[in-house]
1. Could you sort Thr85, Thr143 by accessible area so the largest value comes first, with the probe set to 1.4 Å?
2. Could you please state how large a percent of the accessible area of the stretch 155-226 is carbon and sulfur, counting protein chains only and using a 1.4 Å probe?
3. Can you send over the solvent-accessible area of Lys41, 1.4 Å probe, protein chains only, in Å² to the nearest 10?
4. Stretched out fully, how many nm does the piece from Asp163 to Lys75 gain, at 0.36 nm a residue minus the Cα gap?
5. What whole-number value in Å² describes the accessible area per residue of the stretch 42-187 for a 1.4 Å probe?
6. Given the convex hull over the Cα atoms of the stretch 73-219, what projected area results after averaging over all orientations, in nm²?
7. Given the whole protein assembly as supplied and a 1.4 Å probe, what does the accessible area of Tyr72 come to in Å², nearest 10?
8. For Asn196 and Thr42, what does the FRET efficiency come to when R0 = 25 Å and r is the distance between their Cβ atoms, rounded to the nearest 0.05?
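The values are calculated or read from the model by the stated rules, or taken from the named source; none is laboratory data. From a predicted model like this one, the values you see are computed outputs, not experimental measurements. A quick note on method: Cβ atoms are made from the backbone with ideal geometry, for glycine too, and the neighbour counts reach across all protein chains shown. Quick note on the areas: whole protein, heavy atoms, side chains included, nothing else; ligands and nucleic acids left out. Shrake-Rupley method; radii C 1.70, N 1.55, O 1.52, S 1.80 Å.
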Amino acid sequence: MAFQRKRLNPKRNFADLKEAYNYSPGPDFDQDIVEVKGFTKTMSNFYEKCTDLAYRVLDLMAIGLEMKDKDYFRKCHHIGSNENTTTLRCLYYPPLPENSDEDKPDQVRCGEHSDYGSITLLYQDQVGGLEVQTCNGNYIPATPIEGTVLVNLGDMMQRWSADKFLATKHRVLIPKEDDKKKTFRQSFAFFVQPDNNYRVCPINGSNKYQPITSTEYLKMKFTQTY
């Protein structure tokens with residue numbers, strides 16, 4: 001995804017100050033990037049480790065929702081297959097030179113939004129900048145903690161749980177401190193999606209949300225943000 005190509009909060013006037021590279025297993029990624037030796041193998045290994053962790057977290061979601069079938073979420077997340085679009089994304093937020101005109105009023109590194117899938121595993125560097133919204137609507141720093149993985153709940157999990165689990169709204173602002181402004185930020189996000197054609201609806205049988213597939217929901221959200 002090219003620099004300033006996406007605007008995650010459509011209400012903001014300018015696109016986000018970031019660029020990204022998406023990886024998913026498949027023929028499109030069989031050949032290595034010439035400039036970075038071993039890149040594809042590294043990404044593939046990392047993807048597999050993220051998959052293992054994602055299934056463990058999904059199991060916990062099923063237990064938290066007191067589901068009889070503790071493997072329910074595993075059965076509708078065939079991660080790494082052709083029927084699932086779970087993606088590992090490398091995110092790069094470039095530094096802003098002194099007196100740069102790159103950052104415009106109301107522009108941010110990543111606009112306010114919630115992720116579209118079931119859960120997201122986020123690996124941050126130590127630069128920080130990520131903020132998450134609390135239940136009262138305020139944003140607070142999600143300060144990086146060494147050796148940990150941050151888990152965001154996504155829109156699909158909110159729909160499944162009929163709002164028992166709420167999707168985590170978050171953002172990355174441009175730092176006010178000059179030294180942090182001149183420092184790049186990098187993170188990896190593992191966006192866990194339900195299988196493409198699986199119809200997600202509240203597991204409690206309510207009509208809180210209408211059934212929708214992952215593909216249908218993604219198309220709707222991408223139309224709003226690109």
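1. Numbers: Thr85 60, Thr143 100 Å².
If we order Thr85, Thr143 from most to least accessible, we get Thr143, Thr85.
2. On the way: 1990 of 3880 Å².
Of the solvent-accessible surface of the stretch 155-226, carbon and sulfur hold 51 percent.
3. So the heavy atoms of Lys41 present about 140 Å² to solvent.
4. My answer for the length gained is 29.5 nm.
5. Working: 7520 Å² over 146 residues.
Value for the stretch 42-187: 52 Å² per residue.
6. Working: hull surface 41.5 nm².
Projected area, direction-averaged: 10.4 nm².
7. Tyr72 has an accessible surface of roughly 60 Å² with all protein chains in place.
8. On the way: r = 26 Å, r/R0 = 1.06.
Efficiency computed from Cβ-Cβ geometry: 0.40.
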